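Asker: Quick one: this structure, given as structure tokens, is what I'll be asking you about.
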């Protein structure tokens, strides 16, 4: 049995978690009595292929699925254009996940007796459901493809997750494809293809990390998310067999938000950002297809906007741009049914961005001892694909600060460790719909990000998620 | 901190090794292959393993070809070109004489190439080893692979020099062998017999339309076209002409057929259009295509 010692308002409390493994095992045993897996079922219906053809575990793409996507949602045998479909065919699908989940946040500052504040572990649990994606995609004509994804949050409030048109195989070459609109970045490890769903495990920590200004005080973040869909234009090219892939994108600095709004009250600027990615796959005998690649996201973000007479920032007027960048290398290593995805990550922010200092104040406006922060990150994600019906998932991510924003910060302020594991089980696979039991546990340790109201000293914060969901798409 | 580290370590280990034993039976849920339980394929220096290919088949192929390989996948009823029946083990694209089994390499090339104008895509995204494994598994569906050996590939003599005379002679053979009856005088696949044709499963089948593309089902090279004449497309009305056409005549026919593909530049078409006769013929076809809209490419 494992003991988990956690500080709380009542002192040291012991939590026993050894039963977790047993719960997972029992659930899997119960579900194992079920047959052959399926993301955009509209494609499965169009082509009559099981979802497992394009997805190792949807939404994670297989090499065949990646090639299909890179070809503009075309198989390339002159049966792709809508004219070949029955008139009744409508390229539409949806995905949603009813679930039960538990969220636990330790070292959370809550009201105590009187007017005091104390640290507590806050736990919420219960039945819930995720947002919904409506997925429409396909070809408008040969070599003209589109993707439109109206997406709602849990409350039913809609936004457009993807809106793009792609011109494929221009001049008859697969090396010339152009996409315009809001789209998924051509990222080898795309957050839009993540196979984990929980609140803590449903995204890549590295892709959204921004350094803390000081303990208890998050960075006055500019809008950025490497895992988010972005607005812009992308050129992408690939070899006929998709072994070599390259892309470059010019993006609007709004993190994919329309109307020049950056969301969260941030002052979106008139700045553009760039994203480049390249990868090469090679065959390793019976082990499978290995792929290595790199990416870089670089851009500028405004440090202050222009204000209206009432004092509200005017969207799209952000100025005083300062640079930032993220870069990394990714490897996807296959050992037959076992595969590892590894990533090295590096991030760097300009000191004005990191401190939220308007650049027109100059260096005199910076806090004392301020530096441009930088950090390293790493990820290893393991999958064991027992069959197209069952995939076991394990992921470990870490972030280590290399240079803190302020000299006064602890050296490990903002460091992150995140562990996620679980499995997806598809009780049936067909060419019409997708259905999966999704079960996952995720825990994230954030270092020194909280100030203890008792001692005033920085302490760690830990949050975890337990998630049991029924993920389905039709 | 030490305890937390211990916990992290244990969780990491547990998450990797928790493999419920009940799921070990999942791989066995799919129907058993008949009649051979295990086959190998040999393509170049690759050796395919049907046991591994089986997993790939049930990831990629069964939706059309069916769990039993009989072409009755759940999607088959909705396809106007029926998936291949691996139990019958009758294959169109071969390098071997009509009536014989194809070589492993023939099947491998079919997987790699796909079949244009059908729902069978190219599986070039798979690794060479994966394709070889799939070939091996496909061979476990039919007893023919146990009872018979693959045919011996037909010899393909070197292509003779392209000449106008060769093209003209090919045109004469096109008439003499009555290719036009199915493929039509202009190669559009609309000959007088076209609407009556069925395959070996009594399913309607359309003759190849040469004008649409230069990728025939069995490959796009001249050698591929040559092999189609000399091996036939088993299971279809397209017979083998190996007994009635000499190799040099077959090459002439290849050269002529290329001129029918007047939307796809080729040395044959260029040479043919360079003659007054050829220029007039091709121009007339293009005018007709525009008038009828038959060349519309969606």
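The numbers here are math on the coordinates, done by the rules we state, and not lab data. Bear in mind the structure is a predicted one, so any value in this text is a computation, not a measurement. Because the Cβ atoms are built from the backbone with ideal geometry, glycine has one as well, and the counts that use them run over all protein chains shown.
Asker: Averaged over its residues, how many other protein chain Cβ atoms are within 10 Å of peptide A:391-403's Cβ atoms?
Answerer: For peptide A:391-403, the averaged partner shielding equals 2.
Asker: Pop a pseudo-label 7 angstrom from the Cα along the beta-carbon direction at both residue A:319 and residue A:340 and give the gap in nm to one decimal.
Answerer: Modelled inter-label distance: 5.2 nm.
Asker: So the label point goes 7 Å from the Cα of residue B:244 along Cα→C-beta, right? Which residues of segment B:199-216 then have their backbone N under 18 Å from it?
Answerer: B:207-208
Asker: Shifting gears a bit: Rank these for me by crowding, A:259, A:78, A:133, A:70, going from fewest to most other beta carbons within 10 Å.
Answerer: Fewest-to-most Cβ neighbours within 10 Å comes out as A:259, A:78, A:133, A:70.
Asker: Sort A:83, A:391, A:276 so that the residue with the fewest other Cβ atoms within 10 Å of its own Cβ comes first and the one with the most comes last.
Answerer: Values: A:83 13, A:391 24, A:276 16.
In order of increasing Cβ crowding within 10 Å: A:83, A:276, A:391.
Asker: Rounded to the nearest 0.05, what FRET efficiency do residue B:178 and residue B:80 have when you use their Cβ-Cβ distance and R0 = 30 Å?
Answerer: Once rounded, the FRET efficiency stands at 0.70.
Asker: Let me ask something additional. Testing the spin-label approximation: label points 7 Å from Cα along Cα→Cβ at residue A:371 and residue B:148. State their distance in nm.
Answerer: Taking the two extended label points, one gets 7.6 nm.
Asker: Also, I was wondering about something else. Mind ranking A:115-128, A:152-165 by how tightly packed they are, going by the mean number of other C-beta atoms within 10 angstrom, highest first?
Answerer: Packing proxy ranking, top to bottom: A:152-165, A:115-128.
Asker: Please state the Cα pair-distance histogram of the protein assembly as shown with 10 angstrom bins from zero: what percent is in each bin?
Answerer: The distribution over the protein assembly as shown is 2, 12, 20, 22, 17, 12, 8, 5, 2, 0, 0, given as percents.
Asker: Report the extension gain between residue A:312 and residue A:248 in nm, rounded to one decimal, defined as 0.36 nm multiplied by the number of residues separating them, less their alpha carbon distance.
Answerer: 19.5 nm
Asker: How would you classify segment B:40-147 from its alpha-carbon gyration tensor, with a ≥ b ≥ c the square roots of the eigenvalues: rounded for a/c under 1.5, else prolate if a/b is greater than b/c, otherwise oblate?
Answerer: It is rounded, given that a/c, with a ≥ b ≥ c, falls under 1.5.
Asker: Averaged over its residues, how many other protein chain Cβ atoms are within 10 Å of peptide A:76-88's Cβ atoms? Working shown, then result.
Answerer: Numbers: counts 6, 12, 8, 9, 2, 2, 1, 3, 4, 0, 1, 0, 0.
Counting other chains' Cβ atoms within 10 Å and averaging over A:76-88 gives 4.
Asker: What spacing in nm lies between the two simple spin-label points modelled at residue B:161 and residue A:286, each 7 Å away from Cα in the Cβ direction?
Answerer: According to this spin-label approximation, the distance is 5.2 nm.
Asker: To the nearest whole percent, what portion of all C-alpha pairs in segment B:164-292 is separated by more than 19 angstrom?
Answerer: 47
Asker: Okay, moving on. Give me B:94, A:447 ranked fewest to most by other Cβ atoms within 10 Å of their Cβ, as a rough exposure proxy.
Answerer: Starting with the residue having the fewest Cβ neighbours, the order is A:447, B:94.
Asker: Please work out how much length the chain gains when fully extended from residue A:88 to residue A:159, using 0.36 nm per residue of separation minus the C-alpha to C-alpha distance, in nm with one decimal.
Answerer: Result: 22.8 nm gained on full extension.
Asker: Sticking with this structure for a sec: If I take R0 = 51 Å and measure r between the Cβ atoms of residue A:259 and residue A:380 in this structure, what FRET efficiency does the formula 1/(1 + (r/R0)^6) give, to the nearest 0.05?
Answerer: Efficiency, rounded to the nearest 0.05: 0.85.
Asker: If you take the beta carbon distance between residue A:110 and residue B:42 as r and set R0 to 51 Å, what does 1/(1 + (r/R0)^6) give as a FRET efficiency, to the nearest 0.05?
Answerer: The formula returns an efficiency of 0.15 here.
Asker: For peptide B:55-67, how many partner chain Cβ atoms fall within 10 Å of a residue's Cβ, on average?
Answerer: 6
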